[in-house]
Amino acid sequence: MVVAPGAGRHEAPIGVFDSGIGGLTVARAVLHHLPDESIIYFGDTARVPYGPKSPVTVERYAREITEFLLAEGVKAIVVACNTATAHALPTLIAESPVPVIGVVEPGARAAVAAAPHGTVGVIGTAGTIASGAYDRAIHSLAPDVQVVTRACPLFVPLVEEGWTDHEATRIVAHEYLDEFAASGLDALVLGCTHYPLLTPLLGDVMGPGTQLIDSAEQTAIELAGRLEAAGLRARTGAPVSHRFVASDAPEQMLRLGPRFLGAPIERVERVVLG
Ligand code: DGL
């Protein structure tokens, strides 16, 4: 793998990547917690969704994106995609000369903090759930926590459609989650980039007794700690720049991205990989 020319430089950007635009929810948390840092966000919009794809394919895509980000000189990489984290994180960590942080472990940590002896539900794409990554991460922190999981593949297209508060989404959510709601979970991990946008709706379906866990926040906090520990934090007041890159036509990220990022996106570059 390419050695990052920018590795070790405080002012180098942080690379954040996802299968598409959903990972902008993680970028949003990174910008909120680390306002002095620059980022390069890569959304693999030409090859999204990763959720139904095989582990070997997702790993190949994740390695290609990591190589691209390293060549751009990033000082750390955040794998914002739960599916890519579930299938590729150990490989990316082993191959990268900069810190690589995924979203599964931070989410697991937040879930265990919310329910140290209770029952935790995890929802995600088919690939994330089938990988067992969240179960393993939660049990390695708290072996007694009971973990129940469910793939909710229809949530991604519903969110992309903008139907975050739509009757159709509510019906789908009841179909997926009524059983969880009836069993009274202590916490529910939103194990997919798109699900935080459904927080109010999922909160209604699950009821007030279940804490919803958004791994984006926790990931940004862990990233801050890792940069601090490595002496890689940008200097306060240094100029920041945020680049947004898509592997397919930029229009979709320009149109839908601001809803995920919570801020305007003025320009999206197109970079084709693979
Ligand atoms: N980014 C993916 C995740 O967090 C969801 C979209 C996809 O299936 O690619 O798992």
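Here's the yes/no breakdown for (1) more than 20 Å from the chain's Cα centre (by Cα); (2) at pLDDT 95 or above; (3) at negative phi; (4) among the hydroxyl-bearing types (S, T, Y):
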residue	(1), (2), (3), (4)
P200	no, yes, yes, no
G231	yes, no, no, no
P264	no, yes, yes, no
V268	no, yes, yes, no
V271	yes, yes, yes, no
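Residues in the range 8-65 that are under 16 Å from T125 (Cα atoms), among the charged types (D, E, K, R) and touching a strand residue (DSSP E or B) at 6+ places or on another chain (Cβ under 9 Å): D18 only.
Okay, residues lined up against (1) buried (at least 24 other Cβ atoms within 10 Å of the Cβ); (2) touching a strand residue (DSSP E or B) at 6+ places or on another chain (Cβ under 9 Å); (3) at pLDDT 95 or above; (4) under 19 Å from E222 (Cα atoms):
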residue: V104; (1), (2), (3), (4): yes, yes, yes, yes
residue: R109; (1), (2), (3), (4): no, no, yes, yes
residue: V145; (1), (2), (3), (4): no, yes, yes, no
residue: V148; (1), (2), (3), (4): no, yes, yes, no
residue: C152; (1), (2), (3), (4): yes, yes, yes, no
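Do you know which residues across the range 225-249 are loosely packed, with under 15 Cβ neighbours inside 10 Å and under 13 Å from P35 (Cα atoms)? Hits for the range 225-249 are R235, T236, G237, A238, P239, S241. Within the range 193-212, the residues that satisfy the criterion of being more than 19 Å from L24 (Cβ to Cβ) and either β-branched (V, I, T) or in contact (Cβ under 8 Å) with a residue 40 or more places away in the chain (or both) are V205, T210, Q211.
Scanning the range 265-274 for residues being over 15 Å from I40 (Cα atoms) and of a type outside the set (V, I, T) gives a total of 2. Residue selection: A168 satisfies the criterion of being free of Cβ contacts under 8 Å to residues at least 12 places away in the same chain and aliphatic (A, V, I, L, M). Evaluate the following for C152: is it touching a helix residue (DSSP H, G or I) at 6+ places or on another chain (Cβ under 8 Å), within 11 Å of the ligand (Cβ to nearest atom), within 30 Å of P13 (Cβ to Cβ) and touching a residue at least 24 places away in the same chain (Cβ under 8 Å)? No; evaluated as a whole, the condition is false for this residue. Residues in the range 82-98 that are of a type in the set (V, I, T), in contact (Cβ under 8 Å) with a residue 12 or more places away in the chain and more than 19 Å from A151 (Cα to Cα): T91, V98.
Taking E95, is it under 21 Å from E64 (Cβ atoms) and either in contact with a strand residue (DSSP E or B) (Cβ under 8 Å, 6 or more places away or on another chain) or surrounded by fewer than 24 Cβ atoms within 10 Å (Cβ to Cβ) (or both)? Yes.
The values are calculated or read from the model by the stated rules, or taken from the named source; none is laboratory data. Remember, it's a predicted structure, so these values are computed and weren't measured experimentally. Please note: Cβ atoms are built from the backbone with ideal geometry, for glycine as well, and neighbour counts cover all protein chains shown.
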